[in-house]
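Shown next, in structure tokens, is the structure this report addresses.
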Amino acid sequence: MTSLLDELQLADAIPIDYLNSSTEELHIRAKRAKEILGDRLYILGHHYQKDEVITYADVAGDSLQLSQIAAKQTAEYIIFCGVHFMAETADILTTSKQAVILPDIRAGCSMADMANIDQTERAWNELQRCFGDTIVPLTYVNSTAAIKAFVGRNGGATVTSSNAQEMVEWALTQKERMLFLPDQHLGRNTAVKLGIPLERMAIWDPIKQKLELLCDLQDVQVILWKGHCSVHMNFLPKHVETLREKEPDRNILVHPECTYEVVNASDFAGSTKYIIDKIEASEIGSKWAIGTEMNLVNRLIASYPDRDIISLNPFMCPCLTMNRIDLPHLTWALEELVEGRVINQIVVDAQTAKYAKMALEKMM
Ligand code: 13P
Ligand code: SF4
């Protein structure tokens, strides 16, 4: 019997030559292939990507920025240096003549995997039974195309961490309550910011298929899907407390995928773009502890040597799935394109894409 790990390794068909080549050689080959492809190719890179990859991106951005840029792209090939749900979004927003490529097909997202379409349909039926037609579904873009399509079909929209507040406000003008998938923390932190009390938020547990309530059923305003980001969960209230004691003058800046307790104890919370902009606008010599993905924190440390920047968790690691996109896989994807072969193309079927696009367009 093959294990999940075996299956994932088998899914990665990269020729061994790429893994055995030196970094210097791969850089030479990647640069040459990119030059040959010229404007037939556009490379999008999420800010959480490794330096060896982001250096090839025509543009680096957060989820919202990259979706907006993908929608305007005319290049024949789009290499998405990010994770699977981002490449799916790019495929939905581009034409059928363009190919979106994810250099390593195994670059998934543990949060997106926490809500599948069967679980979502089951939850929706149960929630409709409890609350009737009073719910608007919202999904964080960190979700599969099938979930985005579900949301689109049911009158909802997608959100990103940059616009979650506007989108939650919009949802609550449409119906009495909302279902927020799949990240309970972004949903909770955003709802708290809008003044919704914690007691009025229920949690849908997709494993137990059960609603966890803190108030009477009719008082529920927000239903949070019980999902999370396994990277941002590594920032704990004890990290904030330790730092406050040791260095009370250090600013604490975190991503809203962190828990409510961490966000509440921090000085600032916001999306990837917000974090980057905040550091860029900060005073020289100012001190920061950042609670987000480590490739980005390390890049900020390197880009702003005149600020004192550390990670909020001193033992933090990068996002493992983002890190699957590396120089060997990128070089492989580029050289295959030069040979006229498209590897690891991400294709969303037309029906799913149609409804997912409705949800995305409401947001964009
Ligand atoms: P943003 O790019 O929207 O900040 O999302 C962060 C993230 O976790 C991406 O996977
Ligand atoms: Fe998914 Fe979290 Fe990694 Fe983003 S940082 S890709 S949400 S696991």
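Here the Karplus relation 6.51 cos²θ - 1.76 cosθ + 1.60, evaluated at θ = phi - 60°, turns the backbone of segment 282-291 into coupling constants of 7, 6, 4, x, 5, 10, 9, 10, 10, x Hz, with x for every Gly and Pro.
Grab the alpha carbons of the chain, take their convex hull, and tell me the volume per residue in Å³. Intermediate results must be reported in sequence, preceding the final value.
Working: hull volume 56.0 nm³, N = 364.
Roughly 154 Å³ of hull volume per residue.
Taking other residues whose beta carbon is less than 15 angstrom from the beta carbon of P318, and scoring Lys, Arg as +1 and Asp, Glu as -1, yields -3. In this structure, the amide hydrogen of K226, modeled 1.01 Å from its nitrogen in the peptide plane, lies closer than 5 angstrom to those of W204, counting only residues at least 5 positions away or on a different chain. Remark on V100: its backbone amide H falls under 5 Å from those of I78, I346, a criterion applied only to residues 5 or more positions apart or on other chains, H modelled at 1.01 Å from N.
Taking amide hydrogens as placed 1.01 Å from N in the peptide plane, the amide H of N251 sits under 5 Å from those of K287, W288, A289, each at least 5 positions away in sequence or on another chain.
The ellipsoid that matches the Cα gyration tensor of segment 220-274 has semi-axes, each √(5λ) in whole angstrom, of 23, 12, 11, with the longest given first.
Checked against a 21 Å cut-off, the cross-linked pairs K50/K273; K72/K354; K193/K226; K278/K362 give Cα-Cα distances beyond that limit for K278/K362.
Of the GluC sites (Glu not before Pro) found in segment 45-113, those that fall in a DSSP loop while having at most 16 other beta-carbon atoms within 10 Å are E76.
Couplings for segment 209-226, taken from phi via the Karplus curve 6.51 cos²θ - 1.76 cosθ + 1.60 with θ = phi - 60°, read 6, 9, 9, 9, 10, 10, 8, 5, 3, 5, 8, 5, 10, 10, 10, 9, 6, 7 Hz in order; Gly and Pro are left as x.
All other residues with a Cβ under 15 Å from the Cβ of K226 taken together, and with Lys, Arg as +1 and Asp, Glu as -1, what is their net charge?
With Lys, Arg at +1 and Asp, Glu at -1, the net is -2.
With Cβ to Cβ distances under 12 Å as the rule, what net charge do the other residues near S303 carry (K, R +1; D, E -1)? Spell out each step's value before the answer.
Numbers: positive: R299, R307; negative: D51, E280, D306.
Summing Lys/Arg as +1 and Asp/Glu as -1 gives -1.
Cα centroids of segment 55-72 and segment 232-247: 32 Å apart.
Computed from Cα atoms alone, the Kirkwood hydrodynamic radius reported for segment 44-124 is 13.4 Å.
Read-outs throughout are calculated quantities, based only on the coordinates presented, and are distinct from any laboratory measurement. Keep in mind it's a predicted model, so treat the numbers as computed, not measured. Glycine also receives a Cβ, built like all others from the backbone with ideal geometry; neighbour counts cover every protein chain displayed.
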